[in-house]
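To start, the structure itself, in structure tokens.
The values are calculated or read from the model by the stated rules, or taken from the named source; none is laboratory data. Keep in mind the model is a prediction, meaning the values are calculated, not measured. Quick reminder, even Gly has a Cβ in these numbers, built from the backbone with ideal geometry, and neighbours come from all protein chains shown. For the accessible areas, the whole protein counts, side chains as well, though only heavy atoms, and no ligand, DNA or RNA atoms are used. Shrake-Rupley method; radii C 1.70, N 1.55, O 1.52, S 1.80 Å.
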Amino acid sequence: MRKALRWLLALVVLIGTVSTAGAATAAEPKAVDIKDRLLSIPGMSLIEEKPYTGYRFFVLNYTQPVDHRRPYKGTFQQRITVLHKDVSRPTVFYTGGYSVSTNPSRREPTQIVDGNQVSMEYRYFTPSRPEPADWSKLDIWQAASDQHRIFKALEPIYSENWISTGGSKGGMTATYYERFYPRDMDGVVAYVAPNDVVNREDSAYDRFFARVGTEECRDRLNGVQREALVRRAPLKEKYEAYAAGNGYTFDTIGSLDRAYEAVVLDYVWGFWQYSTVKDCADIPADAKNATDDEIWNSVDSISGFSFYTDQGLAPYTPYYYQAGTQLGAPTIHFPHIEKKYIRYGYQPPRNFVPRDIDMRFQPWAMRDVDNWVKRNARHMLFVYGENDPWGAEPFRLGHGARDSYVMTAPGMNHGANVAGLVPEEKALATARILDWAGVASEKVQVNPSAAEPLATFDAKLDKRDVQREPALRP
């Protein structure tokens, strides 16, 4: 449809050009600056423009309904950014599922297609939060409708093909957007997207931790984790002093003791989410004979003792709310630790959200998305990392899927990407992304192995560090 509309528009322009061919003195229309075009969209306002060579980069606010079913019930300002290259290029619609960066950056599909990039801050992450916040309006359909409205507002400007993308919770977001608005995008690239279809069934994670990496590495990690619980009393004293010195409190989770155990139980998960086998060299090899400081420092560097404080949890309230109402959350067991050392186990998302926010879990939400992907996936690519715990429950394709793929990057963690795939899959994935974006050359269409990113790698713009964030959130 988008191509047909472009053809019709081109025909109208051609007819107009022919009819005025003899008017040599006619004034040439002045090109409208892209900033003016963006700000002419109803509800769009400028926060700032930042320079970047070869692009225009805008940080914007867009007025959204709090409730897309009842738009008259109030609005809020949602922050988005636009990395503008040219309206003749395809556009990548990115969200990380959390806050949005206000510095210029380029996601991998944007580099591959050499296109524009629109990035969206997920609703209820500050400052994109209604005031007062009606938390019942934070769900995957409302967020997908945010994306739909942004797309419809920008499509008249960026009329070439669109691809949605995101990593982790952003990969989930791109998938949910496709499920609810399957006619918007020309393709979807979802990175390391968890798919917790049955929240109470998490044995896949236990199997993952029993085999990931090497036995030596697993033993080192398990040893430090166990020792941190064996030494709970002296290390809690250290934690109390650390919290007091930084003004940390524990009202949301309930106690410093609960926070301490939560940090320790995140340790092994956090290592595999953000590290690789070669990083095992930094883990104490003999945990029983390590000093308290060595155990503390190892756990703190991976899990972060500040996270389960009120101050650490507050920015992630929207995530934990969604995990406890729709997305689900993993529960794993610890066969290497005696039961007497574990008081709480993996705590549910309810424990990480202030009690004045009501939460009710909807078990049908993820089943619906999973069934839709299996039956209806079209132009969708899922990329996972072999050593990423979140990939233990991936999206899978069914008989109804068309031109869609699930690929796994060997040895990679939560930062897995197309560049990390084996050569054959890397070329195929790149070729399909180029084709979905409408920019695949004839050579690539005939021979996908010739596919390469169209834009040159930019070390600053394409920096793909995996930010060390709380382990128990994707």
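Brief remarks follow.
- Translational diffusion coefficient of the range 315-434 (Stokes-Einstein, Kirkwood radius from Cα pairs, 37 °C, 0.692 mPa s): 192 µm²/s.
- Surface share of carbon and sulfur [accessible, 1.4 angstrom probe, percent] for the chain: 51 percent
- Relative contact order %, the chain, counting alpha carbon pairs below 8 Å whose residues are six or more apart: 17 percent
- Rounded to the nearest 10 square angstrom, ARG211 shows an accessible area of 150 square angstrom against a 1.4 Å probe.
- Coarse-grained scattering of the chain at q = 0.06, 0.08, 0.09 Å⁻¹, given as base-10 log I(q)/I(0) from a Debye sum over alpha-carbon atoms: -0.30, -0.52, -0.65
- Our estimate of slack between SER441 and GLU424, defined as 0.36 nm per intervening residue step minus the Cα-Cα distance, is 4.3 nm.
- Efficiency of FRET from Cβ geometry, GLU452 and ASP293, R₀ 56 Å, rounded to 0.05: 0.70
- Under the criterion of Cα pairs below 8 Å and six or more residues apart, the relative contact order for the range 39-109 equals 25 percent.
- 14 Å cut-off, amide nitrogen to a point 7 angstrom out along ARG378 Cα→Cβ, residues in the range 187-214: 187-188
- Per residue, the range 221-301 exposes an accessible area of 40 Å² to a 1.4 Å probe, with every protein chain left in place.
- Rounded, prolate or oblate (a/c below 1.5 giving rounded, otherwise prolate when a/b exceeds b/c) for the range 28-108 by Cα gyration tensor: oblate
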